[in-house]
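Everything on this sheet refers to the single structure shown next.
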Amino acid sequence: MINSNAVVFITGAFISHSCWDEWKLYFEKNGYTCIAPPWIHKDAPAPVLRSRHPDPDIASIRLTQLIDHYANIIKKLPEIPILIGHSLGGLLTQILVNRGLAAAGIAIHSVPPQGVIPLQLSFYRATWKSLGFFTSSKNSYLMSFKDWQYGFTNDMPLDQQQKSYEQFAIPESKLALRDGLTSAAKVDFKKEHAPLLFTAGSADHCIPAALNTSNFRRYKNNNSVTDYKEFEGRNHFVLGQPTWKEDADYMLDWINSTSDSNYRRETVDNLSLQ
């Protein structure tokens, strides 16, 4: 069993940290002490943050600031935590695990580190506008509902798509997203690390399962636990889909069944070969 009772949930881009509310309660009922800190400049409800758009403070956020933000939070905790991150929060999880700041890490539909090249067209369709290469980086980016439907909530009923957008969608920093293409997003795949689980969804347009597979497969020859699980029917709104407890239970089982000793193991469940 991984020797930590602390969990830090790390939020991804475009979405409020309140997406973790039910997860936090569920993990606490299972004996963990949990926090889900917001990003810098994002400690407000989603409707408030949308009302401030375009927000120069949010627009100024850089990936290195987010790494330092979460690293400082982790260092103040009484024990080294388990990190659970979604999307860009998954990338942050990978980086922080790589820096030795986690007892274990779970990367949910993770944005890949530098050097893992997406080949899937749906990834570019879902993310191209948010990078905003031909627009000012001084303005934050707010995903339209139509783009939310494609990138986050595809295959969900319209009323659920609308409710999720109103409850969770927030403006984003183009700079933080662009930084994901730079050395700020670098991970040393050969370095030994705490146990690390990747989860992917077969229906995710934004971070397709095959991209998660490529990310996972880069971890070679590091004498460490590296596991992978693909869930059927999960889109990028995986944290809020009706199936979220099934995913959480799998993660809890993984935490309870995984040794925190460093040895090489690859457990592959439903690995996407696309």
Original post:
Where is the GNM fluctuation largest for the chain (alpha-carbon springs, 10 angstrom cutoff): Lys220, Lys174, Lys24?
Top reply: Lys220
Original post:
Nearest 0.05, what FRET efficiency do Lys129 and Asp43 give at R0 = 30 Å with Cβ-Cβ as r?
Top reply: 0.75
Original post:
Each residue of region 136-142 in turn: what ³J(HN,Hα) in whole Hz from Karplus with 6.51, -1.76, 1.60 and θ = phi - 60°, glycine and Pro shown as x?
Top reply: 6, 6, 7, 9, 5, 10, 10
Subject >> Length released on extending from Asp159 to Thr33, taking residue separation times 0.36 nm less the Cα-Cα span >> reply: 42.0 nm
**OP:** Please give the length that would be gained between Arg217 and Asp249 if that part of the chain were fully extended, namely 0.36 nm times their separation in residues minus their C-alpha to C-alpha distance (nm, one decimal).
**Re:** 9.1 nm
Subject >> Choice from Val48, Val111, Val97 with maximal GNM fluctuation in the chain (Cα, 10 Å cutoff) >> reply: Val48
**OP:** Give the span of region 86-186's Cα atoms along each principal axis, as three whole-Å numbers ordered largest to smallest.
**Re:** 42, 33, 26
Original post:
Roughly how many nanometres apart are two label points built 7 Å out from the Cα toward the Cβ at Glu22 and Arg52?
Top reply: 2.7
Original post:
Using the alpha carbon gyration tensor of region 206-248, what are the three equivalent-ellipsoid semi-axes (square root of 5 times each eigenvalue), largest first, in whole Å?
Top reply: 24, 13, 7
**OP:** Using amide H atoms built 1.01 Å from N in the peptide plane, name the residues 5+ places from Ser110, or on other chains, whose amide H lies under 5 Å from its own.
**Re:** Ser87, Thr199
Original post:
Gain in length, Lys75 to Lys191, computed as 0.36 nm per residue apart minus the alpha-carbon separation, to one decimal in nm?
Top reply: 39.7 nm
Subject >> Dimensionless Rg/Rh of the chain - Kirkwood Rh, Rg from C-alpha atoms >> reply: 0.93
Original post:
Which links in Lys76/Lys129; Lys129/Lys163; Lys29/Lys129 stretch past 32 Å when you go from one Cα to the other?
Top reply: Lys76/Lys129; Lys29/Lys129
Original post:
In a GNM of the chain with a 10 Å cut-off on Cα contacts, which of Ile73, Ile58, Ile170 has the highest mean-square fluctuation?
Top reply: Ile73
**OP:** Count charges around Glu22 for me, please; just the other residues with Cβ under 15 Å from its Cβ, Lys/Arg as +1, Asp/Glu as -1.
**Re:** -1
Subject >> Backbone HN-Hα couplings from phi across region 187-192 [Karplus 6.51/-1.76/1.60, Hz, Gly and Pro as x] >> reply: 10, 8, 5, 8, 6, 4
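Each value in this text was obtained by applying a stated rule to the coordinates, not by laboratory testing. What you see is a predicted model; the values in this text were computed from it and never measured. Cβ coordinates were reconstructed from backbone atoms using ideal geometry, including for glycine residues, and neighbour counts include every protein chain displayed.
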